[in-house]
Amino acid sequence: MELEKMNWKMVEDHVKKDDRIVLVAGATEEHGPNSLGTDTQTAWEIAKAACNNKGVMLGPALPVGPSAFSLGFPGTISLRVQTFMDMMKDILDSLVRSGFRRILIYSGHGGNKPAMDVITEYVLDRNDLTIKFREWYMMPKTYARIKELGSDEWDHGSWLESFSWINQPEPIPDKTKARAIPEDYYALSAAETREALGDGVGGGKYKQPESLMREFYDLAVAELEDFLDNGWGKTV
């Protein structure tokens with residue numbers, strides 16, 4: 001159930017019955033051999049499957065976010081953090097005006113965390129709203145599986161963000177890379193970041209068997225479905 005494919009009357013009728021909506025927040029930035037749209041495409045496919053299964057409204061994907069870290073790589077498009085925060089507030093204003101009261105910002109990009117600060121300020125005097133932020137790869141069961149397979153959130157552009165049916169524009173090499181992202185990555189210039197990352201992968205295995213990736217994808221979808229059913233409590 002995608003917002004952009006509906007007309008205004010359909011939305012008006014829908015929110016009278018269900019005030020939930022998922023908004024995918026992505027990015028356009030390098031991901032090694034994977035597509036520049038990885039952060040958007042992956043979160044979108046997971047969210048679309050879960051929302052379709054649960055009959056929850058899915059908003060249009062936001063394909064850009066703060067990606068200054070990757071600006072040394074051609075094709076990256078980055079927003080300033082304040083621009084991103086202003087955009088998120090404007091979007092929340094619009095969704096709330098339309099009648100949505102339970103909003104999930106479902107992110108595929110670590111740079112989108114400032115959305116949490118926007119939410120904190122937005123709900124200060126709005127007890128009627130539940131607005132939450134989740135990163136698909138940091139959902140508890142999904143991230144536990146990532147750790148079981150020897151990776152973590154620092155393995156940017158590695159297997160955990162590489163799905164043959166979603167975001168692979170060319171064959172992915174079967175190899176492993178030592179961690180390339182330094183602790184103080186935020187202190188590097190764009191040129192220094194590119195030198196540190198080389199091909200753009202942050203570390204770890206580049207690929208896993210497709211059968212394993214299908215299971216991993218299904219786990220992420222199921223975990224989001226559970227959230228859509230049970231995750232709207234203010235302290236959950």
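Observations
- Kirkwood estimate for the range 44-168, i.e. one over the average of 1/r between Cα atoms, Å: 16.2
- Sparse-neighbour loop sites [chymotrypsin sites (Phe, Trp or Tyr not before Pro); the range 83-174; at most 16 other C-beta within 10 Å; DSSP]: Trp154, Trp165
- Cross-link partners for Lys89 among the lysines, with Cα-Cα distance under 19 Å and sequence neighbours closer than 8 places in the same chain left out: Lys113, Lys132.
- Debye log10 I(q)/I(0) for the range 3-226, one point scatterer per Cα, at q = 0.11, 0.12, 0.18 Å⁻¹: -0.56, -0.66, -1.35
- In a reduced charge model with +1 at each Lys and Arg Cβ and -1 at each Asp and Glu Cβ, the chain shows a dipole moment near 500 debye about its Cα centre.
- Counting only lysines at least 8 places from Lys207 when in the same chain, those with an alpha carbon closer than 21 Å to its own are Lys141, Lys147, Lys175, Lys177.
- When shorter helices are ignored and each DSSP H run of at least 4 residues is given -39500 (n - 2.57), the per-residue value for the chain at 222 nm works out to -12000 deg cm²/dmol.
- Most mobile listed residue (Pro173, Pro63, Pro33) in the chain, GNM with C-alpha springs under 10 Å: Pro173
- The largest-to-smallest principal axis extents of the Cα set in the range 110-236 are 49, 39, 26 Å.
- Build a GNM of the chain with springs between Cα atoms under 10 Å apart, and of Leu129, Leu197, Leu212 the one that fluctuates most is Leu212.
- Eligible aspartates and glutamates near Lys48 by straight Cα distance, threshold 16 Å, same-chain separation 8 or greater: Glu2, Glu4, Asp39, Glu135, Asp218, Glu223, Glu225, Asp226, Asp229
- Normalised by the number of residues in the range 33-103, the average gap of Cα pairs under 8 Å and 6 or more apart makes the relative contact order 21 percent.
- Length-normalised contact order of the chain in % [C-alpha pairs under 8 Å, at least 6 apart]: 25
- Sites listed here are trypsin sites (Lys or Arg not before Pro) in the range 12-58 whose DSSP assignment is loop and whose Cβ has at most 12 other Cβ atoms within 10 Å: Lys16, Lys17.
Read-outs: derived from the displayed coordinates by stated rules, not from any lab. Everything numeric here is computed off the predicted structure, so don't read it as measured data. FYI the Cβ positions are ideal-geometry reconstructions off the backbone, even for glycines, and counts take in every protein chain you see.
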